[in-house]
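*Asks:* What follows is a structure written as structure tokens; I'll ask about it next.
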Amino acid sequence: RHIALRLRRRSFSPLPPISRSIHSRHMHMSAKRKADDMAAASVAENDTAGSATSSSTEPLVKNHAEMMEACASGQLSSVISLLKAADDDVDDHFKRSSTDPDDDEGDNNLDRRHLLAAQQDPATGESPLMAASRHGHVDICRALLDAGAPWNAVDRYGKCAGDRATEAQRWEVVNLLVEAGTKAELILGASIRLAKQLDKSNNDNNTNTENGATKRQPRNDAVDQEKKQSKDSDAAVSKSIPVSHEPCTKPNYLQHNNVRYNAANTLLLDDDDDAVMMEWERPLMNAHANILTNNGTKRKRVLNIGFGLGIVDTALQSHEPSSHVIIEAHPAVYEKMIEDGWDKKANVRICFGRWQDELTKLIEEGMEFDGIFYDTYGEHFTDLEDFHELMVKVLCKSDGIYSFFNGLAPDNLFFHGVACNCVKIQLSHLGLDTEFAQCEIQVDDKEWEGVRRKYWYGRDTYYLPIATWKKG
């Protein structure tokens with residue numbers, strides 16, 4: 001294993017230089033819709049990458065072949081005409097439905113324009129947007145996106161339109177897709193946060209206090225049945241989709257008996273045999289620690305969220321911090337920390353609990369840190385955003401440095417780039433500039449023995465985030 005760092009420009013993209021100018025651990029992007037996962041499952045079941053063959057399955061919408069040809073050859077006028085024809089079909093449906101109240105095909109007709117823009121080839125999985133992106137037809141890409149083509153759909157080889165544009169060095173198209181993906185993610189993230197707030201509010205409203213006792217409102221059996229059906233549907237999907245497309249959030253992670261260390265203390269697994277932390281990350285963690293302490297400066301005040309194998313905390317200790325606070329929520333990991341004597345270190349303070357609670361306490365105490373690191377497991381992208389809102393309240397305003405383990409959508413480089421862009425925008429709104437250092441790594445295949453899901457597998461570059469306060 002080796003690691004080398006090269007700082008990129010502040011206008012970061014983890015892709016080749018765009019137009020020549022521009023995980024909580026293992027986190028997937030929120031826009032990986034269930035429908036996309038089901039499509040990916042179908043791809044995995046029917047073909048393997050590199051061996052896709054022709055299929056007898058017919059396209060779901062008419063004019064699909066014409067649309068694919070127009071997108072590949074750059075015929076913008078034809079694309080617009082085909083999309084308009086789909087709209088005209090919808091208008092015809094409205095005329096028919098006004099005289100035929102029993103017409104039940106409305107949903108299919110109303111989605112026809114969107115389906116035409118989004119339909120993927122049955123054999124290869126290529127969509128109109130992928131074809132246009134691969135050939136660099138930016139105006140067609142824009143028209144397809146406006147028509148509802150999903151920016152994050154993948155083909156039978158696991159490639160999205162952004163991947164195809166990047167491979168073909170179509171930088172103007174890459175810029176457009178990065179912008180479209182970022183907007184979609186920010187909007188979707190905001191809607192998820194709003195839904196969570198409304199759900200919490202509804203739960204509070206459904207609890208009435210009467211005579212000092214708590215009384216639950218009557219249960220809505222219809223709502224309960226709908227939730228059960230949704231959970232059953234999610235379970236059915238999770239069984240059929242590829243491992244790399246399964247949700248990375250793990251709500252039950254903090255249960256006591258669901259993680260285990262190996263004998264050599266080089267691997268921490270959950271009960272799905274997914275890695276919480278692995279020894280191969282040590283060079284990355286050493287780099288993070290060096291950045292957080294301003295190139296190894298001693299006597300810094302540091303905060304780490306998530307102990308795991310203790311790799312980053314060991315690296316931070318090597319720089320002799322004056323104060324070293326560790327927040328760890330998992331009972332088994334906390335017991336391991338005590339067993340290994342971390343509570344006996346003079347400059348270490350362990351806060352056992354969820355960061356949502358413990359960080360609030362540190363804020364109330366008026367604590368301040370020179371370096372802050374975030375490396376939780378099984379959390380959602382919105383949890384990272386929530387952490388940022390609190391983190392800035394304890395990051396030293398003069399020369400504080402923040403970083404996190406960059407496990408954002410690690411299974412697809414383009415998705416990873418969009419996710420990093422979203423983080424950069426959010427941190428900018430909080431007053432931080434963010435740049436990324438390229439860390440070149442090598443991991444032996446033997447490291448993955450016994451691990452179900454491989455993160456950053458097959459990649460030789462990790463993008464280490466470095467956030468500092470804006471100057472001026």
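*Asks:* Sort out which residues of segment 158-173 are open to solvent by 20 Å² or more (accessible area, probe 1.4 Å) and aliphatic (A, V, I, L, M), and write them in order of number.
*Replies:* Across segment 158-173, the qualifying residue is only A168.
*Asks:* Also, quick follow-up: Looking at (1) open to solvent by 10 Å² or more (accessible area, probe 1.4 Å); (2) outside any helix (DSSP H, G or I), can you tell me which one S428 breaks?
*Replies:* With respect to (1) open to solvent by 10 Å² or more (accessible area, probe 1.4 Å); (2) outside any helix (DSSP H, G or I), S428 is out only on (2).
*Asks:* Sticking with this structure for a sec: Given (1) within 22 Å of P283 (Cβ to Cβ); (2) out of contact with any helix residue (DSSP H, G or I) (no Cβ under 7 Å at 6 or more places or on another chain), where does A332 come up short, assuming only one miss?
*Replies:* Among (1) within 22 Å of P283 (Cβ to Cβ); (2) out of contact with any helix residue (DSSP H, G or I) (no Cβ under 7 Å at 6 or more places or on another chain), A332 violates only (1).
*Asks:* With the requirement that a residue be assigned to a helix (DSSP H, G or I), among the basic types (K, R) and closer than 25 Å to L188 by Cβ, what does segment 121-170 give you?
*Replies:* R142, R164
*Asks:* Take the residues of segment 435-467 that are among the β-branched types (V, I, T) and surrounded by 15 or more Cβ atoms within 10 Å (Cβ to Cβ): which is farthest from G371 (Cα to Cα)?
*Replies:* In this case the residue turns out to be V451.
*Asks:* Moving on. In segment 98-129, how many are among the small types (G, A, S), modelled with pLDDT of 50 or more and over 18 Å from E66 (Cβ atoms)?
*Replies:* Qualifying residue count for the region: 1.
*Asks:* For segment 245-264, state whether one or more residues are among the hydrophobic types (A, V, I, L, M, F, W, C), within 21 Å of G417 (Cβ to Cβ), modelled with pLDDT under 75 and surrounded by 13 or more Cβ atoms within 10 Å (Cβ to Cβ).
*Replies:* yes
*Asks:* Right, next: Given the conditions (1) modelled with pLDDT of 95 or more; (2) over 23 Å from the mean Cα position of the chain (by Cα), and given that N304 satisfies all but one, which numbered condition is not satisfied?
*Replies:* All conditions pass for N304, except number (2).
The values are calculated or read from the model by the stated rules, or taken from the named source; none is laboratory data. What you see is a predicted model; the values in this text were computed from it and never measured. Virtual Cβ from ideal backbone geometry, glycine too; neighbours counted across all protein chains shown. Each accessible area value is taken on the protein alone, full model and side chains, heavy atoms only, with ligands, DNA and RNA left out. Shrake-Rupley method; radii C 1.70, N 1.55, O 1.52, S 1.80 Å.
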